[in-house]
Amino acid sequence: MSDETARHNCTDCPIRHLTDWQNLPKKLLKKMDRYALRRQYELGDKLYHQGDKCHGLFCIRSGFVGLRRYDVSGRSSLIKLAGPGDTLGYRALLGHSTHSNTAEILKASEVCYIDRAIISEILQNHPSVGERFLQRCLTDLERMEAAYLRAKNLTTREQLLHFLMILHEQFGQLDENGCHYIVLPIARKDIAELIGSTPESVSRTIKKLETEHLVQFEGRLASFENLGAIIDQIGMIH
């Protein structure tokens with residue numbers, strides 16, 4: 001983690017349209033500028049740890065962050081990925097509780113920290129922001145329920161394709177030959193945890209997808225050879 005912090009200009013933030021602050025009036029955004037701090041984080045850094053008190057919110061400007069939950073024996077599971085525009089810590093802040101997970105940097109990231117003092121003022125004067133956070137909490141619960149049902153009813157192949165398409169929708173790119181690809185932000189072990197499978201099963205499934213010329217994997221680079229066929233299969237799942 002860089003020791004250097006800088007004041008962040010929320011008013012002119014280039015990704016504000018992706019954030020929970022997109023509809024705030026400029027007067028309040030300018031006030032936020034006095035509280036928002038921007039910092040660079042490196043792979044493996046932690047924004048906060050499970051059990052920490054919540055002193056504010058974190059807004060991701062660039063990079064990837066993974067939320068890990070630890071059990072009593074110290075083993076962790078990756079439960080969610082967050083990227084540019086996402087806000088972290090709102091559940092603990094709204095519930096006046098400690099963080100229920102650890103936020104770990106998965107790729108070099110630029111993250112803004114906003115002190116809870118200004119957040120409390122925003123929630124009092126603009127209830128729509130609090131409603132937005134509550135809606136996110138409900139969405140998180142729905143996502144967890146959907147993941148549970150997929151783990152029970154879908155094969156590892158179906159779950160992996162579904163996961164890859166979610167990443168493609170958010171972070172997909174085109175190479176010079178017009179081929180769609182993504183750079184996976186996490187290792188296969190973490191992918192297995194997210195889809196409720198095992199690393200061995202995920203590795204076997206990846207080999208089958210490569211044999212069928214659907215997806216080719218090279219390290220963390222996943223290139224889609226037949227995106228249309230994958231989309232058709234995802235459609236059949238739903």
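Restricting the stretch 140-174 to residues that are outside any helix (DSSP H, G or I) and among the aliphatic types (A, V, I, L, M), the residue that is modelled with the highest pLDDT is Leu174. Among the numbered conditions (1) surrounded by 13 or more Cβ atoms within 10 Å (Cβ to Cβ); (2) over 14 Å from the mean Cα position of the chain (by Cα); (3) modelled with pLDDT of 90 or more; (4) assigned by TED's automatic domain parsing to the domain that holds Leu37, the only one that Ser109 does not meet is (2). Pairing residues of the stretch 117-141 that are within 13 Å of Tyr90 (Cα to Cα) with residues that are at pLDDT 80 or above and aromatic (Phe, Trp, Tyr), at Cβ distances under 8 Å and at least 6 apart in sequence or on separate chains, gives Val129/Trp21; Phe133/Tyr90; Arg136/Tyr90; Cys137/Tyr90. Of the residues examined, Ile114 is not one that is modelled with pLDDT under 90, hydrophobic (A, V, I, L, M, F, W, C) and in contact with a Phe, Trp or Tyr (Cβ under 7 Å, 6 or more places away or on another chain). The condition (being under 22 Å from Ala192 (Cβ atoms) and touching a strand residue (DSSP E or B) at 6+ places or on another chain (Cβ under 9 Å)) is satisfied by just one residue among Ala92, Ala108, Ala117, Ala82: Ala82. If you check Tyr90, Tyr48, Tyr41 for being in the same structural domain as Thr139 (by TED's automatic domain parsing) and at pLDDT below 95, only one passes: Tyr90.
Considering (1) surrounded by 17 or more Cβ atoms within 10 Å (Cβ to Cβ); (2) touching a Gly at 6+ places or on another chain (Cβ under 8 Å); (3) at pLDDT 95 or above, the lone condition that Thr98 does not fulfil carries the number (1).
The values are calculated or read from the model by the stated rules, or taken from the named source; none is laboratory data. Please read all numbers here as calculations on a predicted model, not as lab measurements. Because the Cβ atoms are built from the backbone with ideal geometry, glycine has one as well, and the counts that use them run over all protein chains shown.
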